[in-house]
Amino acid sequence: MTPVLRAADRPVLIAFGFVVLLIILGGLYNPQFLSAFYLLQQLQVASFLGIIASGLMVVILLGHIDLSIPWVVTIGGMTATAATGWWGEPFAWLGPLVAIASGSVIRLANGLGVALLRIPSMVFTLGMNAVVQGIVVMYTGANAPVDRATPILKWLAVHETFHVPHAAIVWAIFGLLVVLMLGRTPFGRYVCAIGNSERVTYPSGVNTRSILIAAFIASGACSAFSGAVLAGYAGKAYQAMGDPYLLPAIAAVVLRGTSILGESGSYPGTIAGVILITVLDSILSVAQIPEAAPQIIYGAIIIGMMLVYGRARRTEG
Amino acid sequence: MREITAFADICSVFRNGRHVASFSRGARSGDEIVELMIGRDYKDVYPDKSGHAASAKPVLEVKGLSWGDCLSGIDLTVRKGEIVGLGGLDGQGQRELLLSLFGVLRGLQGEIKIGGEPRSIGSPRGAKRRSVAMALIPEDRKTEGLVLPLTVRENICLASIGRLAPAGFIRKREEKRAVDEAFQMLSIHANSADLPVGTLSDGNQQKVVIAKWLLTEARLILLNDPTRGIDVGRKQQIYRLLRKLADGGTGILLYTTDYAELIGCCDRVVMLYGGRVVRELQGDELSESNILAASLNLSESETAVGEPAD
Amino acid sequence: MNGPRFWLTRNSGAIFAFVLFVAMFVIYIVKNGVGLRMGLVMAVANKGVLLALVAIAQTLPVLTGGLDLSVGMTFVLTNCLASALLNGPPWMIALGVIAVMLTGVICGAINGALIVYGRLQPIIATLATSAIFYGLALTIRPIPGGTIDPVVSILTTQLFGVIPTSLVVLLAVVLIVWVPFQLSMTGRGCYAVGSSESAARMTGINIQRSRLTAYILCGLLASLAGLLLTAMTLSGDASVSSGGTYTLSSIAAVVIGGTSLMGGTGGAIGSIFGAFVLRNVSDLLFVFDIDPLVEPFIQGLILLAAVSLGSVRVLRAPNRLQFLGVGR
């Protein structure tokens, strides 16, 4: 293998190393950490973040970012449960599909703003987040939609097959799709090329606009679907349920060194990042560290990892 | 030229990035300066011209193409198997002409016919379509031609990856075959196709850019100063390749700032000045003095010189 | 390129924001039907000045082509810190005020250092620091509260019985901070960096100092807003939503005020009116009897509309390559 590949894989190894280290440390603190039950449970909790990060990774590879995650997750959870109220119990199975549709529509708007109007993605998605928040808050305030998780959502989130939680399986499916898409299709090639230089990709005869829009839609589908699964896990959908996921999702993607500048990236790294964050979170909560600490730690992790791997290349005139 | 003799006290001549000579005003005649500017040893570098393209069918016909203040009323024809040069001083609209043909510029006026059919090309993607099959080798390979951190393989296949994935998934074997072919055809020197393209030498990078477009099987290739900053040996390889492509029936439109290239490489040269075609030179008309005169728009009338584009 | 027409073109954003604000304010006053009362003016002024300060703060990094997503959290952090420090004898309060402003400077300096010396992208660096600032704020004040010397609330009264003190503070900030900054070498450098970093470097402008100063001043101004908030509410509150809202609104105010998010053009005056426009939205909702829950929706919509308006030129660009990201 070439030195380049090894350099790219190093962050992944470091991240997985940290996961193992953290679990062992946790095991020393409390032997239960090492039980299969605990580890599977961690996998289940990690899957919500993992599904969001799968989609976000594509957007970040493009050199963009999506700050509308919190309320897209929320609207995913809300619509997934509300579908029962709209069309009645027999159509409850439509919930996850409605969630995906709603997330896709919102991110379609993001994609249009970024790809056609060339508005910086962070600003447009930040504004979109507020708009979606407004819509959800208004709608909930006026209509009090059904927010109880339906059986199908519970089945997706907490049921198990051979002791493996379905949420983890869902994550695996999303992950597989992202890996296939990035590694084996022209779309994936274009994503990497645009992330590095849209200025080169567009004159190569690539419709970069539609690639950008498609990536935003895909990431919206991921976020909203994750919201639906989360609602199944929590038993109900509630406002601001997506708020805790923005920073960890970015941290997880950045952790592996999928640089925010949209360079080459590999999915295993994102998985490592997601698991690392989840385990860290769980250890912090078990060790009863106050709510403030995780915030500081996420911030420090993002900065630390970015300083090491993701340095913005100097733009020499 | 007139500005130089009117204003300059000391005159320095540069050619291909090298300082050739400096002299004070009046020390050399105009002809001598031109000789210095062109250089002497250009003849044997270039492959023989075939010369039988004059009667072939046109690939590209442009009528009255205008864009803003940059281009006005451009008429141009490129035939099958013909290398047409775009000449003139730097910045007379040559770049804009290439970009406008390739669908990058908005608000064009005039008619563009590809293979006899009128087409409106709205984007590079449209220019790449099989019905048009155009390619543009950009000027600055580092910012416009290549995605430097991506591998040689990914760069070579960037424009044609859609064809290598007929069912939606890239066929790795076909991709490898295409890349190997490109390596051979252009004799690209790289240890591996999986290295970032940024690690190659300038000449090899330029070959990768050309390879990227050859894989699209274009029948009309536009080149924007493809040999700038490349050593003489690699330049020669590129000239041979262009001639080989032309002999295979491809139409080529070559913009270059090197007069020797225009003379040595092209079957016909269209001279631009201030966004207009001022002269077309072919056969024996292709000489340094004619090109230089047309560049400065001297031939038409000494007094009625059009305003430069910028 | 001189004379009134040039001035109009250059300040069209600020003028637009000013006219919009005046129109909204007039509608508000007329619709409210109680006339131009002191209390009314005070309320509008106080709410507006708070956001205006944060918006001026945000203007500085934006001018350099960056962005500060931590400005809201710096504001919240300094509010919490002020709620813990501003009591006791006068010298203690004075010391507390200085400490709070110093904290703002440090927050800005951290951002600036990460961006200038660590060469991180402004968005990510400030998103990360905003989490850290929030964590710190939460540590200082896990639940809202704090005992604050009522003396501080002098900032929320009026001077000579007619002029709201908060407006005087705003004017002072403009005269003492913004005007000298804009005229200074460093301030000009910020504009230069924002419009073309390479050209600025070629001109010999100290890019690093300009950037760093922009973020430090941003932190300082956010801390002033934090102090003002403390004076108004007499408590500290580590609230995620308030930090997020202020960050969002500050960006919106900057955009409405005619400062380009690409950097290089605009100024603080436009941002001030942009802030007043945004703050007036909730008042208008109130007089038109619209559910206040709509507010985030409207604010987000205004932000999107403002940035979209500025981007219409993209759709008409003669060269399709013009707005594509160059390989970064």
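The values are calculated or read from the model by the stated rules, or taken from the named source; none is laboratory data. For clarity, every value in this text was computed on a predicted model and none was experimentally measured. Positions of Cβ are backbone-derived with ideal geometry, glycine not excepted, and every protein chain shown enters the neighbour counts.
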Requested in this report: Having 2 or more residues that are among the basic types (Lys, Arg) and over 23 Å from C:Asn46 (Cα atoms) is the bar; report the helices (runs of 4 or more DSSP H) wholly within segment C:208-320 that clear it.
Outcome: C:312-316
**Report entry** Single match in A:Thr74, A:Thr79 (criterion: in a helix (DSSP H, G or I), over 18 Å from the mean Cα position of the chain (by Cα) and modelled with pLDDT of 80 or more)
**Finding:** A:Thr79
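Condition check ((1) under 28 Å from B:Lys212 (Cα atoms); (2) within 14 Å of chain B (Cβ to nearest Cβ); (3) among the basic types (Lys, Arg)) across all residues:
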position: A:Val200; (1), (2), (3): yes, yes, no
position: A:Pro203; (1), (2), (3): yes, yes, no
position: A:Ile213; (1), (2), (3): yes, no, no
position: A:Ser219; (1), (2), (3): no, no, no
position: A:Gly232; (1), (2), (3): no, no, no
position: A:Tyr238; (1), (2), (3): no, no, no
position: A:Gly242; (1), (2), (3): no, no, no
position: A:Pro248; (1), (2), (3): no, no, no
Report task. Say whether the condition of being within 19 Å of the chain's Cα centre (by Cα), surrounded by fewer than 23 Cβ atoms within 10 Å (Cβ to Cβ) and more than 8 Å from chain C (Cβ to nearest Cβ) is met by at least one residue in segment A:87-97. Result -> yes
Query - Filtered residues of segment C:257-296 (kept if within 12 Å of another protein chain (Cβ to nearest Cβ), crowded, with 24+ Cβ neighbours inside 10 Å and hydrophobic (A, V, I, L, M, F, W, C)) - result: C:Leu278
Query raised in the report: Going by the conditions given, is A:Val105 under 29 Å from C:Ile290 (Cβ atoms), more than 14 Å from chain C (Cβ to nearest Cβ) and among the β-branched types (Val, Ile, Thr)?
Result: yes
Requested in this report: Filter the helices (runs of 4 or more DSSP H) completely within segment C:46-156 down to those with at least 1 residues that are of a type in the set (A, V, I, L, M, F, W, C), more than 10 Å from chain A (Cβ to nearest Cβ) and more than 30 Å from C:Arg211 (Cβ to Cβ).
Outcome: C:71-85, C:90-116
Query raised in the report: On the given criteria, is B:Val209 over 16 Å from A:Tyr190 (Cβ atoms), facing chain A (nearest Cβ under 10 Å) and modelled with pLDDT of 85 or more?
Result: yes
Query raised in the report: Which of the residues spanning segment A:153-167 are crowded, with 18+ Cβ neighbours inside 10 Å and either touching a His at 6+ places or on another chain (Cβ under 6 Å) or in a helix (DSSP H, G or I) (or both)?
Result: A:Leu153, A:Leu156, A:Ala157, A:His166, A:Ala167
**Report entry** Residue ID - farthest from B:Ile221 (Cα to Cα), chosen from residues in segment A:184-198 that are within 7 Å of chain B (Cβ to nearest Cβ) and assigned to a helix (DSSP H, G or I)
**Finding:** A:Arg184
Report task. Mind listing just one residue for me: the one in segment B:119-133 that is in a loop (DSSP other than H, G, I, E, B) and of a type outside the set (D, E, K, R) and, of those, surrounded by the most Cβ atoms within 10 Å (Cβ to Cβ)? Result -> B:Val132
Report summary line: Those residues of segment C:26-71 which are surrounded by 15 or more Cβ atoms within 10 Å (Cβ to Cβ), more than 20 Å from the chain's Cα centre (by Cα) and in contact (Cβ under 8 Å) with a residue 60 or more places away in the chain amount to C:Ile27, C:Tyr28, C:Asn32, C:Val41
Query raised in the report: Taking the stated definitions as given, is B:Leu101 within 13 Å of chain A (Cβ to nearest Cβ) and either touching a Pro at 6+ places or on another chain (Cβ under 9 Å) or touching a residue at least 60 places away in the same chain (Cβ under 8 Å) (or both)?
Result: yes
Report task. Output the number of residues of segment A:90-139 satisfying the condition of being under 30 Å from C:Val254 (Cα atoms) and assigned to a helix (DSSP H, G or I). Result -> 32
Query raised in the report: Has segment B:121-132 got any residue that is more than 10 Å from chain A (Cβ to nearest Cβ) and polar (S, T, N, Q)?
Result: yes
Report task. Evaluate the following for A:Asn143: is it crowded, with 24+ Cβ neighbours inside 10 Å and either of a type outside the set (Asp, Glu) or within 7 Å of another protein chain (Cβ to nearest Cβ) (or both)? Result -> no
